[in-house]
1. How many residues are under 13 Å from R26 (Cα atoms) and not in a helix (DSSP H, G or I) if we restrict to segment 39-55?
2. Kindly check whether there is at least one residue in segment 27-48 that is touching a His at 6+ places or on another chain (Cβ under 8 Å) and within 15 Å of Y80 (Cβ to Cβ).
3. Right, A66: hydrophobic (A, V, I, L, M, F, W, C) and touching a residue at least 40 places away in the same chain (Cβ under 8 Å) or not?
4. Anything in segment 19-38 that is in a loop (DSSP other than H, G, I, E, B) and either at pLDDT 90 or above or touching a Phe, Trp or Tyr at 6+ places or on another chain (Cβ under 6 Å) (or both)? List them, or say none.
5. How many residues are in contact with a helix residue (DSSP H, G or I) (Cβ under 7 Å, 6 or more places away or on another chain), surrounded by 14 or more Cβ atoms within 10 Å (Cβ to Cβ) and farther than 23 Å from A88 by Cβ when one looks only at segment 26-56?
6. Counting just the residues of segment 1-18 that are part of a loop (DSSP other than H, G, I, E, B) and either at pLDDT 90 or above or in contact with a strand residue (DSSP E or B) (Cβ under 7 Å, 6 or more places away or on another chain) (or both), which one comes out nearest to T73 (Cα to Cα)?
Amino acid sequence: MSKKIELSDDIKQMAVWAKVMGHPTRLYILKKLSERNSCCYSGDLVDEVPVGRSTLSQHLKELKYAGLIQGETEPPFIKYCLNRENWAKAKILFNDLFKNAI
């Protein structure tokens, strides 16, 4: 019987990020936040994203939970921006994952 391999924390983290990025609306939100190169309020995205306000809120929640964005509450609004620290880590990990693929 072969020994089972323990999955590293990095592999587990990449799986979380890949899963949350598996929805086209979430990818669109990430693209919009990266193009702005600054934070924005969820209300700013409502007019741009082709989903309802509550659905947008759920997508933002999932992205925040995965650590790809961060939100700051400024009652009654929530300001969102990319989590640059986690994006830097994701870039390194995914580049390393595919370094021998090409």
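The values are calculated or read from the model by the stated rules, or taken from the named source; none is laboratory data. Just so you know, these numbers come straight off a predicted model, no measurement behind them. Positions of Cβ are generated from backbone atoms using ideal geometry, with glycine treated the same way; all protein chains shown enter the neighbour counts.
1. Total satisfying the criteria: 4.
2. Looking through segment 27-48, at least one residue is touching a His at 6+ places or on another chain (Cβ under 8 Å) and within 15 Å of Y80 (Cβ to Cβ).
3. yes
4. M21, G22, H23
5. Of the residues in that region, 5 qualify.
6. S8
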